Every structure is written in C-alpha cells, then in structure tokens.
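The values are calculated or read from the model by the stated rules, or taken from the named source; none is laboratory data. Everything numeric here is computed off the predicted structure, so don't read it as measured data. Every residue, glycine among them, receives a Cβ derived from its backbone with ideal geometry; neighbour counts consider all protein chains shown. Surface areas here come from the heavy atoms of the whole protein model, side chains and all, with no ligands, DNA or RNA. Shrake-Rupley method; radii C 1.70, N 1.55, O 1.52, S 1.80 Å.
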Amino acid sequence: MTRGSVRLAPEVVAALEDGRAVVALESTLIAHGLPWPQNLETARDSEAAVRLAGAAPATIAVIGGIIHVGLAEDELEGIARASSFLKASRRDLAPVVARGLDAATTVSATVWIAREVGIGVMATGGLGGVHRGAAESFDVSTDLDELARADGMVVVCSGVKSILDIPATLENLETRGVAVIGYRTEAFPAFTTVSSGLSLEWRADSAEDVARIARAHRAMRLPGAIVLAQPVPDAVAIAEAEMDAALVHTLAEAQAQGIGGKAITPFLLDAIRRVTEGRSLVANRALIVANAVLAGEVAARLAEDRASKS
Ligand code: PSU
Ligand code: MN
C-alpha cells in the first residue's frame, strides 16, 4: 500500500516504529453491529482494554476515501453516530477509496489493511462464515478467504456469528487450512452463546501459550491466520436454547422481508436484540471487549520477542 492512501494515527506509528505491540480492531461492529450509544462505548472500551494490556489499539476504517489505521476520538464518534458509513469488505476498498467515501471495514478488509501496515494481531466479535442455506444462496463470507491468506495473523474472536451454519463454517476453515485454537475451551464458541457444541482439536490456556503457537506458525511460514476463539463471559452468556428459538423467529422474519446479502447481519442482530430484551447486546459488548483484552495480551507477548532480539 502506498503512503498516500493510508493514514496511521501517531500512537500506531510510534508503536510500530519501536516494535511495540499493536492490535487492529474492526469498525463494522461499530457502524452496523451495535446501536448508538453502546457502539461508541464498546469501541472506546475495546481501545482502553488493548492499552491496558500493553498494546496500541488501531481501529481501522475508511474516512473520506482515506484508509485510517488508528482513529482520533472524534473520528471514532463520527463512525458510531453516522448512518452513512458503508460496510466494506476487502473487495469494496478500491471503489470506496476512489470515490472518497466513508466505510466501516469488515474482518476481511481490516485483516488485509492490518497486514499491509505490519500489524499481526486483530480482534473482533464474531467472524463471518458460511450462512445457513448457503448451498442455495452461495452466501459465504469473504472473511474466510482473507483468513486463508493472512499468514501468521492472530485473529481473536468468539467464534462466528451465531446466525451462520457453524458446522459448515468450521469445515470450511479446515479446508482452507486456517488454524482454530480454543482459548481455555475445547468447544468452538458460538458468539453470545458459550459453546456451539462442536469440539476443537486445540486449546490454549494463556497468552504465552498462544504466542508460542503463533511463533511456531510464523517460523515455519505456514500460510493462513490463527483464529483464537474465546467464549463470551459466562455471566452474560445467552443460553443455547434461547438463542436457537430467537434465531428461528428472526431468520423467518428476514426471509419474509426479503432481506439478504450484506444487510442480513445487521437485520438479524437487531431482531435478536429485541427478542432477548437487550441481553444479546450486553453479551455482544462483553465478548468484544474481552477479545480486545486477550488480543492485547497476545500482541504484547509477541512484541517481547522483537524487543529481546534487538
Ligand atoms: N459479527 C457480528 N456483527 C457484525 C459482523 C460480525 O456480530 O457486524 C461483521 C464483521 O465485520 C464480519 C462481517 O467481518 O460481519 C461479515 O459480513 P458478511 O457476512 O457480509 O461477509
Ligand atoms: Mn455474505
């Protein structure tokens, strides 16, 4: 990426130059995943959590056609307040930049930008994946492609969006050779639900344990990202049966209204929030911030390697 098309925040530049830890954060969850004002609170809490863990936060978005890596207070608030931000996956970046538009970045766009500027750890809530009914609709998130290309990138999440076909998504990650590690769990988390009931082959129990795996992955120059899946905090988790019931209801509503493609996630999250009387929002916030903490801790461990070598 050439210098003219990207603007790095001073905090991010300083950290990258000194070899200190940096964590990339996506902005689609701010613009399209959470309502105002909880979206701004969550974005701020995530940045604070990353700093507390010893890393610099780099929230990524496109503002006026310029890719921003690390946002000023007013820019973060602008994304949270505005309803005009597009949702940009990696393939949308060129038209968004060429036309000088505003766009929040999904996991695929965020991961790609982060790698271009030398950031190796990223945090989000839930990844995109294979949608239910994908055999007919072909709706498979480009997040999966980008994860397959993002060599050595650590992506911290709480599994994939619960609205997806989770078994199919896990199979797809396996096909693409993306490593999936459970954080203090043997079960693949299901976003606001602790477990999807599907088991994982690998678990890690500390940030250092994760860093060891990432070091080995990078030393071998293995392709693909390392997905680190951390369950939502128990105290705020939604029970599986309740989420299943909410999903059946809201998926039918989406179908009746003819909603699909990019619009499906924001629609379903909103509908589920209503059905769970706001509890899904509490869980969503908590898991996003917990993932930011863990990403900060892992990034800090990985940065120590660089510090001890020089
Ligand atoms: N998970 C959520 N809310 C979201 C997303 C994930 O709970 O808004 C976003 C992420 O940015 C992810 C994107 O990268 O949805 C995937 O979108 P799609 O399924 O359209 O590829
Ligand atoms: Mn899609």
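Please list the equivalent ellipsoid semi-axes of segment 167-255, computed as the square roots of five times the alpha-carbon gyration tensor eigenvalues, in descending order and whole angstrom. It would help to have the intermediate numbers written out before the result.
Values: eigenvalues 166, 55, 16 Å².
With the √(5λ) rule applied to segment 167-255, the semi-axes are 29, 17, 9 Å.
All other residues with a Cβ under 11 Å from the Cβ of residue 57 taken together, and with Lys, Arg as +1 and Asp, Glu as -1, what is their net charge?
So the environment of residue 57 carries a net charge of -1.
How big is the Rg/Rh ratio for segment 2-309, C-alpha atoms only, Rh by Kirkwood, two decimals?
That ratio is 0.94, to two decimals.
Which chymotrypsin sites (Phe, Trp or Tyr not before Pro) does segment 118-211 hold that lie in a coil by DSSP with at most 16 other beta carbons within 10 Å?
Those satisfying the criteria are 138.
Points 7 angstrom from Cα along the Cβ direction at residue 116 and residue 221: gap in nanometres?
Those two pseudo-labels are separated by 2.3 nm.
What FRET efficiency comes out for residue 308 versus residue 145 if R0 is 41 angstrom and r is the Cβ-Cβ distance? Round to the nearest 0.05.
0.75
Report the net charge of residues surrounding residue 89, where surrounding means a beta-carbon distance below 12 angstrom and charges are Lys +1, Arg +1, Asp -1, Glu -1.
Computed value for this residue: -1.
For the chain, what is the percent of antiparallel DSSP beta bridges, rounded to the nearest 5? Walk me through the numbers before you get to the answer.
On the way: 11 of 38 bridges.
Rounded to the nearest five, the antiparallel share is 30 percent.
Size of the dipole of the chain about the Cα centre, Lys and Arg at +1 and Asp and Glu at -1 on the beta carbon, nothing else charged, in debye to 20?
680 debye
So how do 66-73, 292-299 stack up, highest first, on mean other-Cβ count within 10 Å?
Details: 66-73: 20.0, 292-299: 28.1.
Result, highest mean first: 292-299, 66-73.
Can you tell me the FRET efficiency between residue 84 and residue 137 if r is taken as the Cβ-Cβ distance and R0 is 30 Å, rounded to the nearest 0.05?
0.65
Ranked from the most accessible area to the least, with a 1.4 Å probe and all protein chains present, what is the order of 209, 74?
So, going from the largest accessible area down, we get 74, 209.
Hey, can you grab everything whose amide H is under 5 Å from the amide H of residue 179? Only 5+ residues off in sequence or another chain; H modelled, so Pro and N-termini drop out.
225, 227
Once whole DSSP H runs in the chain are found, which of them have Cα atoms spread over 30 Å or more along the helix axis and a mean Kyte-Doolittle score of at least -1.0?
Numbers: long enough: 279-309 (46 Å, 0.36).
For the chain, where a helix must reach 30 Å along its axis and average at least -1.0, the hits are 279-309.
Along its three principal axes, how long is segment 89-178 when you only count alpha carbons? Whole Å, largest extent first please.
Over segment 89-178, Cα extents along the principal axes are 37, 28, 20 Å.
Probe 1.4 Å, all protein chains in place: accessible area of residue 301 in Å², nearest 10?
90 Å²
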